[in-house]
1. Scan region 49-61 for residues that are outside any strand (DSSP E or B) and either farther than 28 Å from residue 90 by Cβ or in contact with a strand residue (DSSP E or B) (Cβ under 8 Å, 6 or more places away or on another chain) (or both) and jot them down.
2. Are any residues in region 62-82 assigned to a helix (DSSP H, G or I) and over 14 Å from residue 37 (Cα atoms), and if so, which ones?
3. Any residue that is closer than 23 Å to residue 13 by Cβ, surrounded by 14 or more Cβ atoms within 10 Å (Cβ to Cβ) and touching a helix residue (DSSP H, G or I) at 6+ places or on another chain (Cβ under 8 Å) - is there at least one of those in region 62-71?
4. How many of the residues making up region 39-60 are within 12 Å of the chain's Cα centre (by Cα) and within 24 Å of residue 119 (Cα to Cα)?
5. Could you tell me how many of the residues in region 4-23 are more than 12 Å from residue 105 (Cβ to Cβ), in a loop (DSSP other than H, G, I, E, B), within 18 Å of the chain's Cα centre (by Cα) and modelled with pLDDT under 90?
6. Within region 105-117, how many residues turn out to be under 25 Å from residue 62 (Cβ atoms), in a loop (DSSP other than H, G, I, E, B) and touching a strand residue (DSSP E or B) at 6+ places or on another chain (Cβ under 7 Å)?
7. Any chance you could count how many residues in region 33-48 are surrounded by fewer than 18 Cβ atoms within 10 Å (Cβ to Cβ) and in a strand (DSSP E or B)?
(Lines give C-alpha, C1' and ligand atoms only; values in the text may rest on other atoms or scores of the structure.)
Protein backbone atom coordinates (compact mmCIF):
# COMPACT_ATOMS: atom_id res chain seq x y z
CA UNK A 1 0.00 0.00 0.00
CA UNK A 2 1.46 3.34 -1.06
CA UNK A 3 1.30 6.01 1.62
CA UNK A 4 3.69 8.52 0.11
CA UNK A 5 1.05 10.86 -1.28
CA UNK A 6 0.10 13.48 1.34
CA UNK A 7 -3.49 13.91 0.08
CA UNK A 8 -4.32 10.23 0.61
CA UNK A 9 -5.44 9.03 4.02
CA UNK A 10 -7.05 5.87 5.31
CA UNK A 11 -10.46 7.35 6.15
CA UNK A 12 -11.84 10.85 6.00
CA UNK A 13 -14.64 11.43 8.53
CA UNK A 14 -16.57 13.74 6.22
CA UNK A 15 -16.34 11.50 3.13
CA UNK A 16 -19.55 9.61 2.36
CA UNK A 17 -17.73 6.71 0.68
CA UNK A 18 -15.17 6.41 3.49
CA UNK A 19 -18.08 6.10 5.91
CA UNK A 20 -19.67 3.40 3.73
CA UNK A 21 -16.36 1.52 3.42
CA UNK A 22 -15.92 1.58 7.21
CA UNK A 23 -19.46 0.33 7.81
CA UNK A 24 -20.56 3.53 9.54
CA UNK A 25 -23.19 4.19 6.86
CA UNK A 26 -25.15 1.15 5.66
CA UNK A 27 -25.10 0.13 2.01
CA UNK A 28 -26.15 -2.95 0.09
CA UNK A 29 -22.76 -4.62 -0.28
CA UNK A 30 -22.35 -7.03 -3.19
CA UNK A 31 -18.64 -7.80 -2.89
CA UNK A 32 -15.35 -6.88 -1.31
CA UNK A 33 -11.67 -7.68 -1.31
CA UNK A 34 -8.67 -6.52 0.69
CA UNK A 35 -8.57 -3.13 -1.05
CA UNK A 36 -12.12 -2.43 -2.22
CA UNK A 37 -15.85 -2.61 -1.50
CA UNK A 38 -18.71 -2.88 -4.03
CA UNK A 39 -22.27 -1.83 -3.33
CA UNK A 40 -25.50 -0.88 -5.11
CA UNK A 41 -25.92 2.73 -6.21
CA UNK A 42 -28.91 4.37 -4.51
CA UNK A 43 -29.72 6.31 -7.72
CA UNK A 44 -29.27 3.62 -10.39
CA UNK A 45 -28.83 4.67 -14.00
CA UNK A 46 -29.22 1.11 -15.32
CA UNK A 47 -30.91 -2.09 -14.09
CA UNK A 48 -27.57 -3.04 -12.54
CA UNK A 49 -25.63 -0.07 -11.17
CA UNK A 50 -22.89 -0.83 -8.69
CA UNK A 51 -20.16 1.34 -7.21
CA UNK A 52 -16.71 -0.03 -6.47
CA UNK A 53 -14.58 2.06 -4.10
CA UNK A 54 -11.20 1.71 -2.43
CA UNK A 55 -11.30 1.11 1.32
CA UNK A 56 -8.90 3.99 1.93
CA UNK A 57 -9.56 7.55 0.85
CA UNK A 58 -8.24 8.54 -2.55
CA UNK A 59 -9.93 11.64 -3.94
CA UNK A 60 -9.88 10.64 -7.63
CA UNK A 61 -7.93 8.77 -10.26
CA UNK A 62 -5.79 11.91 -10.58
CA UNK A 63 -4.69 11.32 -6.97
CA UNK A 64 -4.17 7.54 -7.23
CA UNK A 65 -0.63 6.29 -6.60
CA UNK A 66 -1.09 2.59 -5.89
CA UNK A 67 -1.45 0.35 -8.95
CA UNK A 68 -2.38 -2.66 -6.80
CA UNK A 69 -5.24 -0.73 -5.24
CA UNK A 70 -6.56 0.54 -8.60
CA UNK A 71 -6.21 -2.95 -10.08
CA UNK A 72 -8.16 -4.39 -7.13
CA UNK A 73 -11.05 -2.07 -8.04
CA UNK A 74 -11.13 -3.45 -11.58
CA UNK A 75 -10.86 -7.07 -10.45
CA UNK A 76 -13.69 -6.60 -7.96
CA UNK A 77 -15.82 -4.99 -10.69
CA UNK A 78 -15.29 -8.07 -12.89
CA UNK A 79 -16.09 -10.39 -9.98
CA UNK A 80 -19.35 -8.67 -9.08
CA UNK A 81 -20.35 -8.53 -12.78
CA UNK A 82 -20.06 -12.34 -12.83
CA UNK A 83 -22.04 -12.59 -9.56
CA UNK A 84 -24.77 -10.33 -10.97
CA UNK A 85 -25.01 -12.46 -14.11
CA UNK A 86 -24.06 -9.68 -16.51
CA UNK A 87 -20.50 -10.68 -17.42
CA UNK A 88 -21.50 -12.67 -20.50
CA UNK A 89 -23.92 -10.12 -21.97
CA UNK A 90 -21.67 -7.17 -21.16
CA UNK A 91 -21.35 -4.20 -18.89
CA UNK A 92 -19.76 -0.77 -18.79
CA UNK A 93 -17.25 0.43 -16.20
CA UNK A 94 -16.98 4.20 -15.81
CA UNK A 95 -14.56 6.18 -13.69
CA UNK A 96 -15.36 9.91 -13.59
CA UNK A 97 -12.49 12.19 -12.59
CA UNK A 98 -12.91 15.83 -11.62
CA UNK A 99 -15.82 18.20 -12.17
CA UNK A 100 -15.62 18.20 -15.98
CA UNK A 101 -15.47 14.40 -15.93
CA UNK A 102 -18.70 14.24 -13.93
CA UNK A 103 -17.25 13.21 -10.55
CA UNK A 104 -19.69 14.25 -7.80
CA UNK A 105 -18.19 12.41 -4.80
CA UNK A 106 -14.53 13.13 -4.08
CA UNK A 107 -13.57 9.52 -3.44
CA UNK A 108 -12.23 7.36 -6.26
CA UNK A 109 -14.96 5.02 -7.53
CA UNK A 110 -16.00 2.90 -10.47
CA UNK A 111 -19.56 2.69 -11.76
CA UNK A 112 -20.49 -0.73 -13.11
CA UNK A 113 -23.55 -0.36 -15.35
CA UNK A 114 -25.38 -3.29 -16.95
CA UNK A 115 -28.71 -4.88 -17.71
CA UNK A 116 -29.43 -2.82 -20.83
CA UNK A 117 -27.67 -1.92 -24.06
CA UNK A 118 -25.28 0.98 -23.58
CA UNK A 119 -25.10 3.73 -26.19
CA UNK A 120 -22.07 5.50 -27.61
CA UNK A 121 -20.96 8.19 -27.20
CA UNK A 122 -21.87 8.10 -23.50
CA UNK A 123 -22.25 11.80 -22.86
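1. 55, 56, 59
2. Step one: of region 62-82, the residues assigned to a helix (DSSP H, G or I) are 62-63, 67-82.
Listed by number, the residues that qualify are 62, 63, 67, 68, 82.
3. Let us first name the residues in region 62-71 that are closer than 23 Å to residue 13 by Cβ, namely 62-66, 69.
Remaining after also requiring surrounded by 14 or more Cβ atoms within 10 Å (Cβ to Cβ): 63-66, 69.
Retained after the next criterion (residues that are touching a helix residue (DSSP H, G or I) at 6+ places or on another chain (Cβ under 8 Å)): 64.
The answer is yes; a qualifying residue exists.
4. Residues meeting the conditions: 7.
5. Selection size over region 4-23: 3.
6. Step one: of region 105-117, the residues under 25 Å from residue 62 (Cβ atoms) are 105-113.
Retained after the next criterion (residues that are in a loop (DSSP other than H, G, I, E, B)): 105-109.
Going one step further and asking which of them are touching a strand residue (DSSP E or B) at 6+ places or on another chain (Cβ under 7 Å), we end up with 107-109.
So the count comes out to 3.
7. 1
The values are calculated or read from the model by the stated rules, or taken from the named source; none is laboratory data. Given the structure is predicted, the values throughout are model-derived calculations rather than measurements. Every residue, glycine as well, gets a Cβ built from its backbone with ideal geometry; the counts of neighbours run over all protein chains shown.
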